[in-house]
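Note sheet for the following structure.
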Amino acid sequence: MELRQLEHFVTVAEERHFTHASELLQISQSGLSASIRALELELGTPLFTRSTRRVELTAAGQAFFAEAVRTLSSAAAAQNAVAAVRGLHRGNLSVGAEPCLGSIDLPHELARFRTSNSGVDIRLRFAGTLELLDSVASGRTDVALIVETGDFPAGVQRRTVTSQKLVVLCRHDHALARLGVVDLEDVSRESIVGFQSSWGAHVLARRAFAAAGLEYRIAMEVNEVHPLLDLLEHDLGVAVVPESFAAKRPDTLRAVPIRQRMPSWSVAVAVADHPSPAATAFLQQLLEYLPDQAASSEAISSVESVRSTA
């Protein structure tokens, strides 16, 4: 059994799809399938149940997954210990982000980091906030750009970058767009376009609706920002999103303030309590551009560790 096989197994388990996993791993799908089959043969049991659309973990696969993640995390820690002694001439950096956060130009920052640390292998993955936090806590992701929801698992630190208001976004000629301010009860009567349950905007909107004694029911669910905006442009519903989303389609969409007190949509950088040398270096780079100009060791020492309030 090789670490490479464990990485293949964990990626397929997370993606629930061989094609998506092979794209992330940058190997052929046939090579990935062969690696998983060899692992199953060595263990003497199937790890996945396969269908034409997706794969699911078997009971044995579920038991094996936790140990595989732990083994990969230990291997990464060993590599990081060596990197800490040698400096960042070699190493790995796994970055996760919820799409369209807007506060940090992530491609630019990754390019800057690669220029300064050409020996570090960088991997990037987009996902919802809750999924990313779990990934940081388990050691599978080094640095994540997320939306603060208060649901921080043990062992995860965060640094707030920016905050903005949640608004109702709809077509400029929608009935709600003609109001100076909108009540959540009015929004609940509309067809709502929203994100999947692990996204920060979904978590915050559901929490606000619950506080108002209302159910947050999504009629059309998306996992990217631009499809959401497309649906709104075709007048297929309204959405509760950060007000910066309105700037993406200013000619067709309008942001309407919400009467109720809403949670802030705050972007944060999340890392483990004991980040790797590569994660520490990337975090330092990101913090250089915060409004308070906090940087390097002072910025890292002020990162607040928040335990789960879920």
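The numbers here are math on the coordinates, done by the rules we state, and not lab data. In this text the structure is predicted, and so the values were computed from the model without any measurement. Positions of Cβ are generated from backbone atoms using ideal geometry, with glycine treated the same way; all protein chains shown enter the neighbour counts.
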Lys, Arg +1 and Asp, Glu -1 on Cβ, resulting dipole of the stretch 166-263 about Cα centre, debye, nearest 20: 300 debye
Cβ-Cβ cut-off under 9 Å around Glu233, Lys and Arg +1, Asp and Glu -1: the net charge is 0
Give the angle, between 0 and 90 degrees and rounded to the nearest 10, that separates the Cα long axis of helix 3-15 from the longest principal axis of the Cα atoms of the chain. 20 degrees
What one gets for the stretch 166-263 as the Kirkwood radius, inverse of mean 1/r over different Cα pairs in Å, is 13.0 Å
How big is the dipole moment of the chain about its Cα centre under a simple scheme where the beta carbon of each Lys and Arg is +1, that of each Asp and Glu is -1, and everything else is neutral? Debye, nearest 20, please. 120 debye
How are the Cα pair distances of the chain distributed, in percent, across 20 Å bins from 0? 29, 53, 17, 0
Evaluate the Debye formula for the stretch 200-257 with equal point scatterers sitting on the alpha carbons, no solvent, and hand back log10 of I(q)/I(0) at q = 0.18, 0.30, 0.31 Å⁻¹, in q order, two decimals. -0.65, -1.40, -1.43
Tilt relative to the chain, helix 59-86 - C-alpha long axis, 0 to 90 degrees, to 10: 80 degrees
Residue-count net charge about Arg249 - beta-carbon cut-off 10 Å; Lys, Arg +1, Asp, Glu -1: 0
Subtract the Cα-Cα distance of His274 and Glu67 from 0.36 nm times their separation in residues, and report this length gain in nm to one decimal. 72.5 nm
In degrees from 0 to 90, rounded to the nearest 10, what is the angle of the helix 200-211 Cα long axis to the longest principal axis of the chain? 50 degrees
Once Lys and Arg are counted +1 and Asp and Glu -1 for all other residues with Cβ under 10 Å from that of Leu25, the total becomes -1
Which one, Thr280, Ala201, Ile104, is farthest towards the positive end of the dipole of the chain when Lys and Arg carry +1 and Asp and Glu -1 on their Cβ? Thr280
Restricting to Cα pairs under 8 Å and 6 or more apart, the percent relative contact order of the stretch 1-86 works out to 30 percent
In deg cm²/dmol, rounded to 500, what helix-only [θ] at 222 nm does the chain give when every DSSP H run of at least 4 residues adds -39500 (n - 2.57) and the total is split over its residues? -12500 deg cm²/dmol
FRET efficiency estimate (nearest 0.05) - Cβ-Cβ, Phe126 to Arg16, R0 25 angstrom: 0.95
Quickly rank 269-276, 27-34, 126-133 as a protection proxy: mean count of other C-beta atoms within 10 Å, highest first. 126-133, 269-276, 27-34
Quick one: if the Förster radius is 41 Å, what FRET efficiency do Glu2 and Thr160 give, using the C-beta to C-beta distance and rounding to 0.05? 0.55
How high is the relative contact order of the chain, in percent, with contacts defined as C-alpha pairs under 8 Å that are six or more residues apart? 21 percent
Taking R0 as 22 Å, what's the FRET efficiency between Ala175 and Glu221 from their Cβ-Cβ distance, rounded to 0.05? 0.45
